[in-house]
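S.K.: What follows is a structure written as structure tokens; I'll ask about it next.
Every number here is computed from the coordinates shown, using simple stated rules; none is lab data. Small disclaimer: the values here were computed from a predicted structure and weren't measured. Backbone-built Cβ (ideal geometry, glycine too); neighbour counts: all protein chains shown.
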Amino acid sequence: MVSPPEKKRCDTDESKAFLSAKTIGKTILSYDVVDSTNAIARKLADEGAEEGTVVLAVRQRTGRGRLNREWHSPKGGLWLSVILKPEMKPSEAVMVTLMAGIAVAKTLATYNLNTSIKWPNDVLIRGKKVCGILTEMRGEESKINYLILGLGINVNFDLEELPEPVRDLAITLRHEIEKDLDMQELLSCLLKELDKCYELLKSGSSNTILNTWKDLSETLGRNVKITTQKESIEGIALDVDEIGALIVKTKEGRIHKFVAGDCMHITRAV
Ligand code: BT5
């Protein structure tokens, strides 16, 4: 159950900034404290909200990662969800996650930050997680009704605000560049990049997305362990296929493809 969130700002300034958006950011709903922006976006999508609607919150009480894992969302982060209605098969939804990772990487590059991406959804700075992406889908076997693309970026807060085990694997932009960023500017840049990358994806330019993703990938060429609800496989991450599935070759020479799963980097492959 989502507690009724307090509507915070009326967003006229924010909305104006994105009138040029083709899809993502034409409508921005901004909240103060919520349980999860993904949960609000899901509810809005069920009620028929238009594609591209962005739900933004200052803080999340119960932010979520994949498999219902906790996503710590103190004040000072960029916590948002976007309603998308792409015409693609559910098995292709991982492409949306990959394109979102690219948009985040491009946004952070404008601040001279070097990022890499761990398949499928972690954006890293010097190997530490600065952004997590959660793509949730509602649909039938062959059709997506809507996707909720949730993005969490650690921006203006201290690492000490994250609990101990998470802190060691995470990074915030404040920690990395030793100053605070203008959140509006960061949001504006991110939504523009997301809008551009999404247009590219919708126009059928998956190859451009995949090639950019490969350049940013921290995973390809490494020995990895992929864990899904069914199995756990170790091998070399060879490539991603045309729908963004990770191709892994085991030491016995068997090829596996994953459209979802947890990826652990074991060593750099020789
Ligand atoms: C993710 O899941 O990385 C997806 C995170 C998506 C968060 C956004 S915020 C806006 C929207 N609303 C939501 O409720 N969610 C989305 P996963 O790959 O399962 O990673 C989860 C793991 O990341 C946790 O188990 C922790 O180990 C770690 N973690 C939690 N909070 C973190 C943080 N703030 N920074 C870095 N790592 C964190």
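S.K.: How far is helix 94-109 tilted off the main Cα axis of the chain, in degrees rounded to 10, range 0 to 90?
M.R.: The angle comes out near 70 degrees.
S.K.: What does the highest-first list of 78-90, 171-183 look like by mean Cβ count within 10 Å?
M.R.: In descending order of packing, they fall as 78-90, 171-183.
S.K.: I would also like to ask the following. Along the Cα-to-C-beta direction of Lys214, a point sits 7 Å from the Cα; which residues of region 227-266 have their amide N less than 11 Å from that point?
M.R.: Answer for this model: 239-242.
S.K.: Under 14 Å from a point placed 7 Å out from the Cα of Arg59 along the Cα-to-Cβ direction: which residues of region 158-202 have their backbone N that close?
M.R.: Inside the label zone: 158, 161-162.
S.K.: Kindly express, to the nearest 10 degrees and within the range 0 to 90, the angle between helix 37-46's C-alpha long axis and the longest C-alpha principal axis of the chain.
M.R.: The angle comes out near 80 degrees.
S.K.: Rank these for me by crowding, Tyr31, Tyr198, going from fewest to most other beta carbons within 10 Å.
M.R.: Exposure proxy ranking, most exposed first: Tyr31, Tyr198.
S.K.: Angle check, please: helix 206-216 long axis (alpha carbons) against the longest principal axis of the chain (alpha carbons), in degrees 0 to 90, nearest 10.
M.R.: 80
S.K.: For region 225-270 and region 91-105, compute the distance between their C-alpha centroids and round to whole Å.
M.R.: After rounding, the separation between the Cα centres reads 18 Å.
S.K.: Could you tell me the relative contact order of the chain? Use alpha-carbon pairs under 8 Å, at least six residues apart, and round to a whole percent.
M.R.: 16
S.K.: Hey, got the dipole for region 174-226? About the Cα centre, +1 on K and R Cβ, -1 on D and E Cβ, debye to the nearest 20?
M.R.: About 380 debye.
S.K.: Using the Cα centre of the chain as the reference point, and only Cβ charges (+1 on K/R, -1 on D/E), how large is the resulting charge dipole? Debye, rounded to the nearest 20.
M.R.: 380
S.K.: Farthest toward the dipole's positive end in the chain, which of Gly63, Thr267, Ser203, given Cβ charges of +1 (Lys, Arg) and -1 (Asp, Glu) about the Cα centre?
M.R.: Working it through, the farthest residue towards the positive pole turns out to be Thr267.
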